[in-house]
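Chemist: Take this structure first; my questions come after.
The values are calculated or read from the model by the stated rules, or taken from the named source; none is laboratory data. Here the structure is a predicted model, which is why all the values come from computation and not from measurement. We place every Cβ from the backbone using ideal geometry, glycine too, and count neighbours over all the protein chains shown. Each accessible area value is taken on the protein alone, full model and side chains, heavy atoms only, with ligands, DNA and RNA left out. Shrake-Rupley method; radii C 1.70, N 1.55, O 1.52, S 1.80 Å.
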Amino acid sequence: MNRTEEIRIRAASPDDAAELLAIYAPYVTGTAITFEYEVPGAEEFRERIRNTLKRYPYLAAVKNEAIVGYAYVSPFHKRAAYDWAVETSIYVRMGEHGSGIGTKLYQALEAVMRQQNIWNMNACIVYPHPESIGFHEHMGYRTVAHFTRCGYKLGMWHDVIWMEKLLGEHPERPEPVKSFSEEMLYGLNDF
């Protein structure tokens with residue numbers, strides 16, 4: 001069995017907040033990968049999960065009964081015309097990078113997005129970050145924007161880039177976006 005076959009994707013729940021927060025906290029305190037300065041509290045993180053799940057997937061990657069990564073999407077913009085575009089976020093437990101977790105999470109996100117009638121996936125990435133940029137390119141994203149020194153963290157200015165992936169041909173009249181349901185995950189652990 002290879003390493004990715006050990007990884008199972010499931011919907012996260014607010015009850016996973018402490019485990020997900022343990023993955024996220026080192027990114028807040030030691031990197032510019034997230035521009036958040038303070039590690040959120042468990043209740044705030046639980047509420048973030050709950051709010052995301054009202055419309056979008058919040059997925060957890062599980063290996064040996066432990067969550068080793070998570071990914072979710074959020075609105076690209078709040079105005080209705082942007083409904084068919086989302087912003088992606090992904091975090092893998094430190095020390096687990098390169099083991100296929102991110103690929104499985106993004107494959108599952110893309111499968112759910114298609115079921116929800118979403119066509120554009122967008123990722124905001126601190127620049128330079130060759131590992132993340134390379135991962136997104138491998139997943140079919142392309143750079144569409146570069147912003148200079150727009151974030152300040154850990155004593156220095158950081159650029160960001162936006163990368164985008166189109167999930168197919170955009171229909172002339174798109175179907176309404178469907179809300180996420182766990183049934184959309186059926187069969188997704190088979191890839």
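Chemist: Which of the residues spanning segment 64-101 are open to solvent by 80 Å² or more (accessible area, probe 1.4 Å) and either touching a Gly at 6+ places or on another chain (Cβ under 6 Å) or under 20 Å from PHE135 (Cα atoms) (or both)?
Modeler: ARG93, MET94, HIS97, GLY98
One line per residue, one yes/no per condition, for (1) charged (D, E, K, R); (2) in a helix (DSSP H, G or I):
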| residue | (1), (2) |
| --- | --- |
| ASP16 | yes, yes |
| GLU19 | yes, yes |
| ILE23 | no, yes |
| TYR27 | no, yes |
| THR34 | no, no |
| TYR37 | no, no |
| GLU43 | yes, yes |
| GLU47 | yes, yes |
| ASN51 | no, yes |
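Chemist: Can you tell me which residue is surrounded by the most Cβ atoms within 10 Å (Cβ to Cβ) among those in segment 102-140 that are within 17 Å of ILE7 (Cβ to Cβ) and among the aromatic types (Phe, Trp, Tyr)?
Modeler: Result: TYR106.
Chemist: Just to be sure before I move on: is THR148 surrounded by fewer than 13 Cβ atoms within 10 Å (Cβ to Cβ), part of a strand (DSSP E or B) and not aromatic (Phe, Trp, Tyr) in the structure I sent?
Modeler: Yes; evaluated as a whole, the condition is true for this residue.
Chemist: Just wondering, is there one or more residues in segment 38-57 that are of a type in the set (S, T, N, Q), touching a residue at least 40 places away in the same chain (Cβ under 8 Å) and either touching a strand residue (DSSP E or B) at 6+ places or on another chain (Cβ under 7 Å) or closer than 16 Å to ILE23 by Cβ (or both)?
Modeler: No: segment 38-57 contains no residue that is of a type in the set (S, T, N, Q), touching a residue at least 40 places away in the same chain (Cβ under 8 Å) and either touching a strand residue (DSSP E or B) at 6+ places or on another chain (Cβ under 7 Å) or closer than 16 Å to ILE23 by Cβ (or both).
Chemist: Additional query: Collect the residues in segment 56-70 that are part of a strand (DSSP E or B) and either among the charged types (D, E, K, R) or under 16 Å from the mean Cα position of the chain (by Cα) (or both), keeping them in residue-number order.
Modeler: TYR58, LEU59, ALA60, ALA61, VAL62, LYS63, ILE67, VAL68, GLY69, TYR70
Chemist: Quick check on segment 71-101: of everything there that is part of a loop (DSSP other than H, G, I, E, B) and of a type in the set (D, E, K, R), which residue is farthest from LYS54 (Cα to Cα)?
Modeler: The selected residue is GLU96.
Chemist: Let me ask something else. Name the single residue that is most open to solvent (accessible area, probe 1.4 Å) among those in segment 152-191 being touching a strand residue (DSSP E or B) at 6+ places or on another chain (Cβ under 9 Å) and among the aromatic types (Phe, Trp, Tyr).
Modeler: TRP157
Chemist: Of all the residues that make up segment 9-44, how many are more than 14 Å from GLY69 (Cβ to Cβ) and of a type in the set (Lys, Arg)?
Modeler: Of the residues in that region, 0 qualify.
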